[in-house]
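Since the structure comes first, as structure tokens, the remarks are kept for the end.
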Amino acid sequence: MQKHLTAMLAAGALLCGGGRAFAHHPFAAEYDINKPAQVEGKVTKVDWVNPHSFLTVDTHDASGKLEHVRVELGSPKALNDKGWKRASVKVGDEVKVDGWYGKDSQTRVNARSVTLRSTGHAFDAASSHFDKGAN
């Protein structure tokens, strides 16, 4: 009986934990390499989460209308490997983001780099574009 219970618990853990792996997507599924993005504005939210971290940046479009741009970064581990710390970019920081727009949205960006305006320091954003098989 204990063997069956152990096997059922293990199977349940695999099913529950596997959802996050299925949620991960290749770059080309959501972003367009032919739509380069450059966004400048103020960070209003930082989500340091797996499988990707995110920044929300408030900026203005060409007509002056306020936009909230969701900026996708790499995973926390990938960002740490590139020199980021959890507090490297904080709410209120002015940033410049270089990357690529979403296939269907100008308010979603996959970042190549994030530059702090106050110091000029550019962080590699660990973009999924550079993952093996991204395109």
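Remarks
- Among the residues of the stretch 86-135, those that are loosely packed, with under 13 Cβ neighbours inside 10 Å, of a type in the set (Gly, Ala, Ser) and within 18 Å of residue 75 (Cβ to Cβ) comprise 87, 133.
- All positions within the stretch 51-88 that are in contact (Cβ under 8 Å) with a residue 12 or more places away in the chain and among the small types (Gly, Ala, Ser): 53, 74, 75, 78, 83, 88
- Restricted to the stretch 93-119, and to residues there that are part of a loop (DSSP other than H, G, I, E, B) and not small (Gly, Ala, Ser), the residue that is nearest to residue 44 (Cα to Cα) is 93.
- Filter pass, residue 113 being free of Cβ contacts under 8 Å to residues at least 40 places away in the same chain, out of contact with any strand residue (DSSP E or B) (no Cβ under 9 Å at 6 or more places or on another chain) and among the small types (Gly, Ala, Ser): no
- Strands (runs of 3 or more DSSP E) completely within the stretch 18-92 that count 3 or more residues being at pLDDT below 95: 31-47
The values are calculated or read from the model by the stated rules, or taken from the named source; none is laboratory data. Everything numeric here is computed off the predicted structure, so don't read it as measured data. Here the Cβ is made from the backbone with ideal geometry for all residues, glycine too, and neighbour counts use every protein chain on show.
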